[in-house]
Amino acid sequence: MAGSCTRAASAPEAVRRCPPAVERCARARILAVIRRSTVPEDPAHAENTLAWLLRLAPEADCALRIAALAHDIDRALPEGERVRRADFDDYDAFKAAHARNGARVLEGILRGCGAPGPLIREACRLVALHEFGGDPRADLLRDADSLSFYETNLPLYLAREGEAEALRRARWGYGRLSPRARDLLATIRHGEAAVDRIIARCAEPGRP
């Protein structure tokens, strides 16, 4: 991944200077990639993560908004370009590689849209850190992504992967949540017994 995606955060005033045409271009190109994903929930998850971000931080700047849409773009890439779970023994290592590859892809999109350098660096940095956070801005994106998993992804993930894997993934995600996000998770209910049971149990890692 290009080095510009791993530098420290730009000054907030720099990343807020986002020409509307650049954000429109980035949004269109990001969603065009994500809509080709073989994971059916990915397009809804991108939009829902942005919605959660704006619920958590209504004044979220352009870099955060773009990162929210693009955070899982790696998953939508063709076979051979995306990071594969099967290539990693460690789940956390897989997730970190997935995030870095997504940041690399986003950098190319933003350069193609004529985005200013500070915006490129910060949006890429956020995507590279979105799985585990590490500072208040990256933690915000991590929480938005995590909450969207429970609200948007979990029903289809459960149907595809089965209860044991869905519970493992839900518990892994719960471990990433901030206290505020854990409180918000308690408000998410689907009205489907199997899905709501997993949400209720994800805070109980000692139980099968």
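Considering only residues of the stretch 198-208 that are surrounded by 14 or more Cβ atoms within 10 Å (Cβ to Cβ) and over 14 Å from F149 (Cα atoms), which is modelled with the highest pLDDT?
So, considering only residues that are surrounded by 14 or more Cβ atoms within 10 Å (Cβ to Cβ) and over 14 Å from F149 (Cα atoms), the one modelled with the highest pLDDT is R201.
So, restricting to helices (runs of 4 or more DSSP H) that lie completely within the stretch 1-98, which ones have at least 2 residues that are over 15 Å from the mean Cα position of the chain (by Cα), at pLDDT 95 or above and of a type in the set (G, A, S)?
Hits in the stretch 1-98: 20-34.
Of all residues in the stretch 128-137, how many are in a helix (DSSP H, G or I), under 17 Å from R182 (Cα atoms) and in contact with a helix residue (DSSP H, G or I) (Cβ under 8 Å, 6 or more places away or on another chain)?
Residues flagged as in a helix (DSSP H, G or I), under 17 Å from R182 (Cα atoms) and in contact with a helix residue (DSSP H, G or I) (Cβ under 8 Å, 6 or more places away or on another chain) within the stretch 128-137 amount to 0.
Give just the number: which of (1) outside any helix (DSSP H, G or I); (2) loosely packed, with under 13 Cβ neighbours inside 10 Å does L177 not satisfy?
Of everything listed in (1) outside any helix (DSSP H, G or I); (2) loosely packed, with under 13 Cβ neighbours inside 10 Å, L177 misses just condition (2).
Please count how many residues of the stretch 36-51 are polar (S, T, N, Q) and under 18 Å from E81 (Cβ atoms).
2
Could you tell me which of the residues I109, I34, I66 is closer than 22 Å to Y157 by Cβ, of a type in the set (V, I, T) and surrounded by 15 or more Cβ atoms within 10 Å (Cβ to Cβ)?
The match here is I34.
Please work out if I188 is in a helix (DSSP H, G or I), in contact with a Leu (Cβ under 8 Å, 6 or more places away or on another chain), modelled with pLDDT of 95 or more and surrounded by fewer than 21 Cβ atoms within 10 Å (Cβ to Cβ). Write out each step before concluding.
On the way: in a helix (DSSP H, G or I): no; in contact with a Leu (Cβ under 8 Å, 6 or more places away or on another chain): yes; modelled with pLDDT of 95 or more: yes; surrounded by fewer than 21 Cβ atoms within 10 Å (Cβ to Cβ): yes.
The answer is no for I188.
Quick one: which residue in L156, L141 is in a helix (DSSP H, G or I) and crowded, with 21+ Cβ neighbours inside 10 Å?
Numbers: L156 fails: crowded, with 21+ Cβ neighbours inside 10 Å.
The match here is L141.
What are the pairs, 6+ residues apart or on separate chains, where a residue within the stretch 149-177 that is free of Cβ contacts under 8 Å to residues at least 60 places away in the same chain has its Cβ under 6 Å from a residue that is of a type in the set (F, W, Y) and in a helix (DSSP H, G or I)?
Within 6 Å, the pairs are A166/Y157; G173/F149.
The values are calculated or read from the model by the stated rules, or taken from the named source; none is laboratory data. Here the structure is a predicted model, which is why all the values come from computation and not from measurement. Methodologically, a virtual Cβ is constructed for each residue, glycine included, from the backbone with ideal geometry; neighbour enumeration extends over all protein chains shown.
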